[in-house]
Amino acid sequence: MTSAIRRAICEQLPQLKNIYHALEVPSKLPQNAATRPMLQWILPADVAQQEHDLLESVKSQQFDATYIEQVRVVPRNGRNAAKVEFGIRPDAFTAQLLQAKQNPSMEPALREEHVVVEYSSPNIAKPFHVGHLRSTIIGNVLANLHQHLGYRTTRLNYLGDWGTQFGLLALGVQLSNVHDAQMRAAPIETLYNAYVTANKAAAADPQLAQQARELFSALEAGKDTTMSKQWEQYRQYTIEELTGVYERLGVHFDSYEWESQYSQRDIVDVLTQLRTAGLLQREEDGREIVVVDQRRVPVIKSDGSTLYLARDIAALLERQQRLRFSRMLYVVDNGQADHFKALFQTVSALDDRFNDKLQHVKFGRIHGMSTRQGNAIFLRDVLNEARDVMREKRSISTTTKVNNTLDDDHVCDILGVSAVLVNVLKQRRQRDYEFSWQQALQVNGDTGIKLQYTHCRLHNLLDNFKHIELAEVKPSWQHLTEEPADALALLYELARFEQCIWQAKEQLEACVVVNYLFGLCNATSRALKRLPVKQEKCPEKQRQRLLLFRAAKRTLQQGMQLLGLKPLNQM
């Protein structure tokens, strides 16, 4: 929102990396008429040794007077880090925040960096359950944040379709005599039921277990072309079904990739590299392992077939060659920490270009998330439950207006999904937490419904005054200082949006954005109460207030979209 002002500061300080987004609106700025707007740069700990030189270089600069009216250097004081305060010209500050045309808030240098985010990544034969929900929506927000900031971003969904369990799956399809029409109608459910059938049968009959192993060996070796074609068909049906769930969650991918792309016959070169580098060691039982922090981690089974780690190593090496990424984020739960440590250490030992490029973005588990009947295996059922509860709430609410132009099912689905998403995203990601339907679907309190309600309120206000041509209204700082303090409070809240996005990206925490949006909604609600537009007799006051509320709506909409929400205009 303050991109031109930030650029004016950065252009004079090219030696300071990332200062564009590190500039903050002080949180404890007194919001009264005497206060002048300001951005501050708090010197990070990693530049402490150059602190004196940096502060002196800032003092010697001539900043663009269109935006910057004064610069004040505050040296370190005890535990308080040194900082630089940039006093901003009030009218320039107000214009930047309230004018309709917004420059994208990106630093040109970031466009050179390519960030790959791997998230969601379910197994095709298992239900898309709530465990995948956190990976899916956290990964989506992180990809959105990087893209918004100007990074080149690639979104990967790496689906599990390989390993011994898929021999059981192929067996289950045969035993259950599954027809193509049945598979096409509900692929994930059909595959899951086939897997359960085969598991029970194999437990009772060791010969069937052996048959499952042989089926997978034939598939991995590429000997059974009929089964290979069938496999491709199942994968296609699975993507089609998943796309429906992803669409509801506001999630999309640039690429769907498969574990089977890195089956044994396709990764011979990778295994040779590992052996040549002395990283792959043979055990007495014929297995091949890598040593990670004194753990002996299997890569190849004694029968020569690949394990998950082998395929992940191959996938990572191939992606680096194909995508030339600067950074790779794996959004996977806490339980996989040992696996990623083995993966990162092995590829870094093989090629030091991977050092500091790889990160496991961990998250905790959600407990207690099921339908009210307690039987949710499929995420689809949870989302349907949320939609149905919202429909019930709307039907009994005294404030729900009859509106024949609204698609009720569509609105209830968006509200239900918003409630579920925000309830998950507002938690710090590494914490396990207990899901509660009652909390998630509250209309009051900090929920997804609150974000949608505030957006609808703002839309309705602006729609009622659409006859006023706001493009011709010049934002006025002087006017805002004469209003109740809630006007400046909302203006400063809008100015904090860019630093919030940067902090969320730096911490890889979606909850930073969620908490910002709750604060924005609260500031907006107070301003709507204290700065009424309809009852205001002075036309200029009306117009200035509308500019403020239009900017609040635009910022709220942008923040909601970063979370994967679809902002409603009516509910």
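The values are calculated or read from the model by the stated rules, or taken from the named source; none is laboratory data. Model, not experiment: these values are computed from the prediction. Cβ placement follows ideal geometry from the backbone for every residue including glycine, while neighbour counts extend to all protein chains displayed. With ligands, DNA and RNA removed, areas are computed over all heavy atoms of the protein, side chains included. Shrake-Rupley method; radii C 1.70, N 1.55, O 1.52, S 1.80 Å.
A few comments on the model shown:
- For the chain, the fraction of alpha-carbon pairs lying more than 35 Å apart is 49 percent, rounded to a whole number.
- Counted residue by residue at 0.36 nm each, then reduced by the alpha carbon distance between them, the extension gain from ASP53 to ALA218 reaches 52.7 nm.
- Within the chain, helix-based [θ] at 222 nm, where runs of 4 or more DSSP H residues each add -39,500 (n - 2.57), nearest 500: -16500 deg cm²/dmol
- Extended-chain gain in nm, criterion 0.36 nm per residue less alpha-carbon gap, LYS229 and GLN281: 15.2 nm
- Against the compact-protein benchmark of 2.2 N^0.38 Å, the Cα-based radius of gyration of segment 8-84 scales to 1.12.
- Annotation note: GluC sites (Glu not before Pro) in segment 396-503 located in DSSP loop regions with a Cβ neighbour count of at most 12 within 10 Å are GLU469.
- Rounded to the nearest 10 Å², the accessible area of LYS426 at probe 1.4 Å: 60 Å²
- Placing pseudo-labels 7 Å out from each Cα toward the beta carbon at GLU472 and ARG295 gives an inter-label distance of 6.9 nm.
- Only one residue of TRP437, ILE396, LEU531 has its Cα farthest out toward the positive end of the dipole of segment 379-562, where Lys and Arg carry +1 and Asp and Glu -1 on Cβ, and that residue is LEU531.
- Amide H partners (placed H, <5 Å) of HIS129, local residues excluded: LEU379
- Largest-first ordering by accessible area, 1.4 Å probe, given options HIS459, HIS467: HIS467, HIS459
- FRET efficiency for the pair GLN210 and ASN522, taken as 1/(1 + (r/R0)^6) with r the Cβ-Cβ distance and R0 = 60 Å, rounds to 0.40.
- Sorted largest first, the spans of the alpha carbon positions of segment 46-194 along the three principal axes are 79, 41, 27 Å.
- Placing pseudo-labels 7 Å out from each Cα toward the beta carbon at ALA349 and THR66 gives an inter-label distance of 5.6 nm.
- When the solvent-accessible area of the chain is split by element, carbon and sulfur atoms take up 46 percent of it, the probe being 1.4 Å.
- Coil-residue GluC sites (Glu not before Pro) of segment 247-326, DSSP, other Cβ within 10 Å capped at 13: GLU283, GLU284
- Förster radius 51 Å - calculated FRET efficiency between GLN40 and ASP409 (Cβ-Cβ, nearest 0.05): 0.60
- Rounded D (µm²/s) - segment 144-227, Kirkwood Rh over Cα pairs, Stokes-Einstein at 20 °C, 1.002 mPa s: 146 µm²/s
- The residues of the chain have, on average, 46 Å² of accessible surface per residue, using a 1.4 Å probe with all protein chains present.
- Fraction of antiparallel bridges per DSSP, the chain only, in percent to nearest 5: 50 percent
- Other residues within the sphere of radius under 14 Å centred on the Cβ of HIS132, judged by their own Cβ, net out at +1 (K and R +1, D and E -1).
- The lysines within cross-link reach of LYS301, meaning a Cα-to-Cα straight distance under 22 Å and a gap of 8 or more places when in the same chain, are LYS223, LYS341.
- For VAL361, the residues whose amide H sits under 5 Å from its own are TYR330, VAL331, VAL332, ignoring neighbours fewer than 5 places away on the same chain, with H placed 1.01 Å from N.
- Counted residue by residue at 0.36 nm each, then reduced by the alpha carbon distance between them, the extension gain from GLU11 to LYS537 reaches 184.9 nm.
- Residue pairs, from the table LYS83/LYS426; LYS474/LYS529; LYS28/LYS426; LYS17/LYS357, whose Cα atoms sit over 26 Å apart: LYS83/LYS426
- Eligible aspartates and glutamates near LYS393 by straight Cα distance, threshold 15 Å, same-chain separation 8 or greater: GLU385, ASP408, ASP409, ASP413
- Placing unit charges on the Cβ atoms only, positive for Lys and Arg and negative for Asp and Glu, gives the chain a dipole magnitude near 1760 debye about its Cα centre.
- Counting only whole DSSP H helices of the chain, the ones at least 30 Å long by C-alpha along their axis and with mean Kyte-Doolittle hydropathy no lower than -1.0 are 539-562.
- Contact order relative to length of segment 379-562, as percent, for alpha carbon pairs under 8 angstrom and 6 or more apart: 23 percent
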